[in-house]
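What follows is a set of notes on a single structure, which appears directly below.
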Amino acid sequence: MAGDDDILAKLYEQMTAIRCYDDPRRAANEWKQVFRLLQKTGLPQKRFAGIVGMRDLAGLGELVEEIRDPAAAAANDETPDAETCKRALRAFRKRLAVTRLDDESKLGRGPLSKGSDDSYASIEPPNEWPEPVWRELVRQGKLRYIGHGFYELGKA
């Protein structure tokens, strides 16, 4: 798409401007522009927020290359084995159950709230497993990606 090419060109331009600084952390305006451009790419914010927040120029370069050629990035990702996916899904279900129990145990519930319905249908997955594990579970249909790093159980 032409929009993607424009964004990539602007990202390369900002990276060049950042490299002109002695210390890349001092290029505040350029990093702000990079953050805005990365938001337009459709990547989850948690994927690039750390790179921009830490002013990681090498990480930004890898991320831009991943955006430029997603097929090469997908080839670098290992597909997790079935046992890893099974343990990750079990941890996800456990985290979801604990989150629901924590919410239901609160004393100060609103007087107009319904009570214990499915108030937590989606959560952020446990960070003990890398992103490819969650993508594989989405591909298998066991989880569904909601957006902004949140997942919910798939419709079984």
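Where a number appears in this text, it was derived from the coordinates with a stated rule and is not lab data. What you are looking at is a predicted structure, and each value in this text was computed from that prediction instead of being measured. Neighbour counts run over all protein chains shown; Cβ positions are idealised from the backbone, glycine included.
Here each label is just a point 7 Å from Cα along the line to Cβ, and for ALA121 and LYS86 those points are 3.0 nm apart. Per-residue Cβ neighbour counts within 10 Å put SER105, SER122 in the sequence SER105, SER122, beginning with the fewest.
Placing +1 on the Cβ of every Lys and Arg and -1 on the Cβ of every Asp and Glu, with no other charges, gives region 2-76 a dipole of roughly 380 debye about its Cα centre.
Structure note, pairs LYS106/LYS142; LYS94/LYS142; LYS46/LYS86; LYS86/LYS106: Cα-Cα distances above 20 angstrom occur for LYS106/LYS142; LYS46/LYS86; LYS86/LYS106. Ignoring lysines fewer than eight residues from LYS40 along the same chain, the ones with Cα atoms less than 17 angstrom from its Cα are LYS10, LYS32. Place a point 7 Å from Cα of GLU62 in the direction of its Cβ. Which residues in region 118-155 have their backbone N less than 13 Å from it? Output list for this probe position: 131.
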